[in-house]
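These notes concern the structure reproduced below.
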Amino acid sequence: MAAGPFRGLGVALVTPFHEDGSPDLEGFARHVEFQIEGGVDFLVPCGTTGESATLEDAEQRAVIEAAVAAAAGRVPVMAGAGTNDTEHAIRLARSARAAGADGVLSVSPYYNKPSPEGLFRHYEAVAEAAEVPLVVYNVPGRTGGNVDPATLFRIAEIDNVVGVKEASGDLEQIMTILQGRPDGFVVLSGDDALTLPIVAAGGDGVISVASNEAPDLMSALVSSALAGDLAGARRAHYRLYPLMRANFVETNPVPVKTALQMMGRMDARFRLPLAPMTEANADALEDALVAAGLLE
């Protein structure tokens, strides 16, 4: 299958902030370098993990530009560019393209609860405006609505729509998509812990939170799974599995940013309504980092 540039390990990049709350673009560039050195296949700035919900449009543009500059053509950039207002999503997609993104990740509209026809028309409008490859982001736990397989297959026929990040957590739905997808349509796991079974079932990779902490280990997991080395993939999976779970003991990206602070890679700063982790959960997260060999 010709899966294009968005196959393998994509990292859902965190957005570091200065003490005054502004994006730390120099720290972000250092983090991108850590990811590329660790073996990621593509970068995903300004998604959920990047706190896109509280980034202003100009800030989002600046972060995408920083990702493109730091990547320097070594890996492609799939920029988060979605919201629940179709016209606003169009503006974000055009801005991402102008910032140099190679593709866009567009979350299904949240809160509005559109019908299947509304979903189709939304993606038709955004994909036409984007003029770069678009990946649908299905995350019902955050949006309040599911992009079911029948609707997704219809959306997949739209020009420029090249794949889906599937974070429904429903393996039966994901296997239905894998079995019925059109030729060349990329299916990426949206959950680190489901990467191994999804790739084993025919998926193309993952957009990963855990890669922020362990790009080399996630790269080993994904590359082994895609090569059919399931024993090697299982070793990486179970080494990281406690961390994959700990990363979601509180709302993402609070744990992963806290972990990166524990690792000395950046300060764990958030924008409200996100708040620092509780002490008990932070202790559990630290234990998971130690278990993965990422902290002494």
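The values are calculated or read from the model by the stated rules, or taken from the named source; none is laboratory data. Only a predicted model underlies this, so the values are computations on that prediction, with no experimental measurement involved. Neighbour counts are summed over all protein chains in view; Cβ atoms, including those assigned to glycine, are modelled from backbone coordinates with ideal geometry. The area values use the complete protein model at the heavy-atom level, side chains included, leaving out ligands, DNA and RNA. Shrake-Rupley method; radii C 1.70, N 1.55, O 1.52, S 1.80 Å.
If you count only protein heavy atoms with a 1.4 Å probe, what accessible area per residue comes out for the chain, rounded to a whole Å²? Write out the running numbers ahead of the final one.
On the way: 12200 Å² over 296 residues.
For the chain, the per-residue accessible area is 41 Å².
Calculate the dipole size of the chain relative to its Cα centre from +1 charges on Lys and Arg beta carbons and -1 charges on Asp and Glu beta carbons; express the result in debye to the nearest 20.
Working: 21 positive and 39 negative charges, 84 e Å.
I would put it at about 400 debye.
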So L171 and E37, fully extended at 0.36 nm per residue minus their Cα-Cα distance, gain in nm 45.1 nm
Ordering R245, R269, R91 by the accessible surface of their heavy atoms, 1.4 Å probe, largest first, yields R245, R91, R269
Sorted list, accessible surface of protein heavy atoms, 1.4 Å probe, largest first, for Y137, Y238 is Y238, Y137
Stretched fully, the stretch from L295 through L230 gains (0.36 nm per residue minus C-alpha distance, one decimal, in nm) 20.8 nm
Amide H proximity to S108 below 5 Å, modelled H, separation 5+ or other chain, gives Y137, V139
Under the 7 Å Cα-to-Cβ spin-label approximation, A200 and E131 lie apart by a distance in nanometres of 4.4
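Just how many % of Cα pairs in the chain lie over 35 Å apart, if you round to the nearest whole percent?
Working: 4749 of 43660 pairs.
Everything past 35 Å amounts to 11 percent.
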Once amide hydrogens are built 1.01 Å from N within the peptide plane, the residues lying 5 or more places from V186 or on another chain with amide H under 5 Å from its amide H are G163, V164
Working note, segment 183-296: Cα radius of gyration (Å, one decimal) and Dmax (Å, whole number) are 14.7, 48
Note: probe point = Cα of R121 + 7 Å toward Cβ; backbone nitrogen < 18 Å; residues of segment 68-96 passing the test are 83-91
In order over segment 10-16: 3J(HN,Hα) from phi, Karplus 6.51/-1.76/1.60, θ = phi - 60°, whole Hz, x for each Gly or Pro, gives x, 9, 7, 5, 6, 10, x
Per residue, the convex hull enclosing the alpha carbons of segment 1-100 has a volume in Å³ of 103
At q = 0.14, 0.22 1/Å the base-10 log of I(q)/I(0) from the Debye formula over the alpha-carbon atoms of segment 10-65 is -0.33, -0.81
Simple SL model, points at 7 angstrom along Cα→Cβ for R245 and D57; separation in nm is 4.3
In Å, the C-alpha Rg and Dmax of segment 117-165 are 10.2, 29
Karplus ³J(HN,Hα) for segment 156-164 (6.51 cos²θ - 1.76 cosθ + 1.60, θ = phi - 60°; Hz, whole; x = Gly/Pro) runs 4, 7, 6, 4, 6, 7, 10, x, 9
Taking every alpha carbon pair in segment 168-221 and sorting the distances into 10 angstrom bins from 0 up to the bin holding the longest one, the percent per bin comes out as 25, 53, 20, 2
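Between E279 and S22, what's the calculated FRET efficiency when r is the beta-carbon distance and R0 is 25 Å? Round to 0.05. Let's see the in-between values first.
Values: r = 28 Å, r/R0 = 1.11.
Efficiency, from the Cβ-Cβ distance: 0.35.
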Relative contact order of segment 76-147 (C-alpha contacts under 8 Å, at least 6 apart) in percent is 35
Carbon plus sulfur, as percent of the 1.4 Å-probe accessible area of the chain, comes to 49
The Kirkwood hydrodynamic radius of segment 79-237, taken as the inverse of the mean 1/r over all distinct Cα pairs, in Å, comes to 15.9
